[in-house]
1. In the chain, carbon and sulfur make up what percent of the accessible area (probe 1.4 Å)?
2. So for the chain, what percent of the C-alpha to C-alpha distances run longer than 16 Å?
3. Could you work out how much longer the chain between Ala24 and Cys57 gets when fully extended? Use 0.36 nm per residue separation minus the Cα distance between them, nm to one decimal.
4. Select from segment 19-82 those chymotrypsin sites (Phe, Trp or Tyr not before Pro) which occupy a DSSP coil region and have at most 14 other Cβ atoms within 10 Å, ordered by residue number.
5. Where only protein heavy atoms count, and the probe is 1.4 Å, what is the accessible area per residue for the chain in Å²?
6. Looking at the chain, send over the antiparallel percent of its DSSP beta bridges, to the nearest 5.
7. Taking only the alpha carbons of segment 32-72, what extent do you get along each of the three principal axes, in Å, biggest first?
Amino acid sequence: MTIEVGLDLETRGVVDLKKVGVTAYAEDKDTDVYCAVLRVGEETFGHDVLGVPNYRCPDNIVRYAKDPNVIWKAHNAAFERA
């Protein structure tokens with residue numbers, strides 16, 4: 001059975017993304033991911049990650065990442081990957 005997982009990462013940074021581009025923005029030391037949102041079917045999972053000491057990726061996400069039957073979809077995936 002194939003499962004589709006939608007991924008959206010929310011970030012914040014001090015450099016201007018439109019001026020410096022995706023790579024420089026993502027690599028800047030002051031850019032942080034503050035929230036990861038996943039959608040599986042009709043269910044949506046939000047995970048606050050910023051400021052969480054010793055943040056550990058939730059088990060359901062780890063299972064999806066290891067499963068070869070899972071198809072990951074992300075709007076503007078190049079940004080999410082960076």
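1. 52
2. 58
3. 9.4 nm
4. Of the chymotrypsin sites (Phe, Trp or Tyr not before Pro), the ones in loops of segment 19-82 whose Cβ has at most 14 other Cβ atoms within 10 Å are Tyr55.
5. 74
6. Here the antiparallel bridges make up roughly 75 percent for the chain.
7. 32, 21, 15
The values are calculated or read from the model by the stated rules, or taken from the named source; none is laboratory data. Treat the numbers as computed from the prediction; the structure is a model and nothing was measured. Cβ sites come from the backbone with ideal geometry, for glycine too, and all protein chains shown count toward neighbours. Just so you know, the surface numbers come from the protein's heavy atoms only, side chains and all, with ligands and any DNA or RNA stripped out. Shrake-Rupley method; radii C 1.70, N 1.55, O 1.52, S 1.80 Å.
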